[in-house]
Amino acid sequence: MARLAVTVTETRHLVIEDPGLLMHRAWQIARCDPEAAAELGYGEPYVMNERQAFTLVLADCGGAGLGERAEQLGLRVVSTATVATCADSDPDRLVYEDERLFEPS
C-alpha cells in the first residue's frame, strides 16, 4: 500500500514591539551561555543590536516557543500562515492553506 507524503509548513510573522525587553532576555541568554552566544555572532566589543538579540532569543526558544512566548519576549505575532502540500501523482500539490492576521493589542 502506497502512503501519502504530506508536508506542513507553519510561518509566523513577528515584529519587535518592545526592544528593551527583547534585549534584556538576549543579554540573559548570552550571560548564561557565552559560547553559544559567540557562535551566533555575539562577542567583543559586546554591543548587541536587535537582530543579534532576536537571533539569540530564537536559538534559545526555538520557533514554536518564540511564537508561544512572543509577548514575554517583547515581540508581537502579526500573522501566521499554514500550508500543506503532498507529493502524490501531482508533486507539491497544495492541499491546505490558511493565513491569520492579528490586530495590534
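The rows are residues; the columns are (1) among the hydroxyl-bearing types (Ser, Thr, Tyr); (2) surrounded by fewer than 15 Cβ atoms within 10 Å (Cβ to Cβ).
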position	(1), (2)
4	no, yes
11	yes, yes
22	no, no
36	no, yes
42	yes, no
51	no, yes
54	no, no
72	no, yes
75	no, no
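When both residues are 6+ apart or on different chains and their Cβ atoms are under 9 Å apart, which pairs have a first residue that lies in segment 75-92 and is over 27 Å from residue 25 (Cβ atoms) and charged (D, E, K, R), and a second that is open to solvent by 50 Å² or more (accessible area, probe 1.4 Å) and modelled with pLDDT under 75?
So the pair list comes out as 88/2.
Within segment 45-97, how many residues are of a type outside the set (Asp, Glu) and part of a loop (DSSP other than H, G, I, E, B)?
11
Rundown of residues vs (1) of a type outside the set (Val, Ile, Thr); (2) out of contact with any Cys (no Cβ under 7 Å at 6 or more places or on another chain); (3) at positive phi; (4) free of Cβ contacts under 8 Å to residues at least 24 places away in the same chain, yes/no style:
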residue	(1), (2), (3), (4)
3	yes, yes, no, yes
7	no, yes, no, no
11	no, yes, no, no
18	yes, yes, no, no
23	yes, yes, no, no
30	yes, yes, no, no
39	yes, yes, no, yes
49	yes, yes, no, yes
54	yes, yes, no, no
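Just to be sure before I move on: is residue 95 open to solvent by 50 Å² or more (accessible area, probe 1.4 Å), among the β-branched types (Val, Ile, Thr) and out of contact with any strand residue (DSSP E or B) (no Cβ under 6 Å at 6 or more places or on another chain) in the structure I sent?
So residue 95 fails the test.
The values are calculated or read from the model by the stated rules, or taken from the named source; none is laboratory data. Fair warning: this is a prediction, and the values are worked out from it, not measured in the lab. Ideal geometry is used to build each Cβ from the backbone, glycine not excepted, and the neighbour counts take in all protein chains shown. Ligands, DNA and RNA are excluded from the accessible area calculation, which covers all protein heavy atoms including side chains. Shrake-Rupley method; radii C 1.70, N 1.55, O 1.52, S 1.80 Å.
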